[in-house]
1. Report the relative contact order of the chain, percent, no decimals, based on alpha-carbon pairs under 8 angstrom and at least 6 residues apart.
2. Counting only protein heavy atoms and using a 1.4 Å probe, what share of the accessible area of the chain belongs to carbon plus sulfur, as a whole percent?
3. When ligands, DNA and RNA are left out and all protein chains stay put, how many square angstrom of accessible area per residue does region 12-115 have with a 1.4 Å probe?
4. Rg and Dmax of region 58-115, Cα atoms, in Å?
5. Set Lys and Arg Cβ to +1 and Asp and Glu Cβ to -1, take the dipole of the chain about its Cα centre, and tell me which of Val71, Gly13, Tyr113 lies farthest positive.
6. Which distance in nm do the two modelled labels at Asp31 and Ala70 give, with both placed 7 Å along the Cα-to-Cβ direction?
7. When you have a sec, figure out the Kirkwood radius of the chain from all distinct Cα pair distances and drop it here in Å to one decimal?
8. If Phe14, Phe74 are ordered by their accessible area, calculated over protein heavy atoms with a 1.4 Å probe, which sequence runs from highest to lowest?
Amino acid sequence: MAILGGCSNEQTGFVNDAVCFTVDLGATAPDAVVVWTDGTPFVINGTIMVENNGIAAVAPTVSLQVNDAAVPGFTVPPGESRSITLNDINSIGIIGTGGTSTGNIVVSFSLNYQY
């Protein structure tokens, strides 16, 4: 719920928002499933968390892609979670690799920008 009445006389405004959703992800490599794209002219900063609730040896390992490029070393095997804070985020995608079935993947991220 928003807190209203905390206005200021500053020229710039700030937005801090959070998004969270669940994806049933199978093996998608080499293609990413795009989960968010920036449609604004603003520079977006934020923290991205990926939680892989899949079963070991069955669900895919999840990799993170930001701005159409893989985030080096960011892989999340079944049963684990990982987060990273980045700046200038234009798109967020996830890639499933391996496994024999789908995995329940939670993707959550904050969006922070100034206008």
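1. Details: 282 pairs, mean separation 50.5, N = 115.
In percent, rounded to a whole number, it is 44.
2. Result for the chain: 53 percent of the exposed heavy-atom area is carbon or sulfur.
3. Accessible area per residue: 52 Å².
4. When restricted to Cα atoms, region 58-115 yields Rg and Dmax of 12.6, 45 Å.
5. Of Val71, Gly13, Tyr113, it is Val71.
6. It works out to 1.8 nm between the two label points.
7. Hydrodynamic radius (Kirkwood, Cα only) of the chain equals 15.1 Å.
8. Final ranking, largest accessible area leading: Phe14, Phe74.
The values are calculated or read from the model by the stated rules, or taken from the named source; none is laboratory data. Model, not experiment: these values are computed from the prediction. We place every Cβ from the backbone using ideal geometry, glycine too, and count neighbours over all the protein chains shown. With ligands, DNA and RNA removed, areas are computed over all heavy atoms of the protein, side chains included. Shrake-Rupley method; radii C 1.70, N 1.55, O 1.52, S 1.80 Å.
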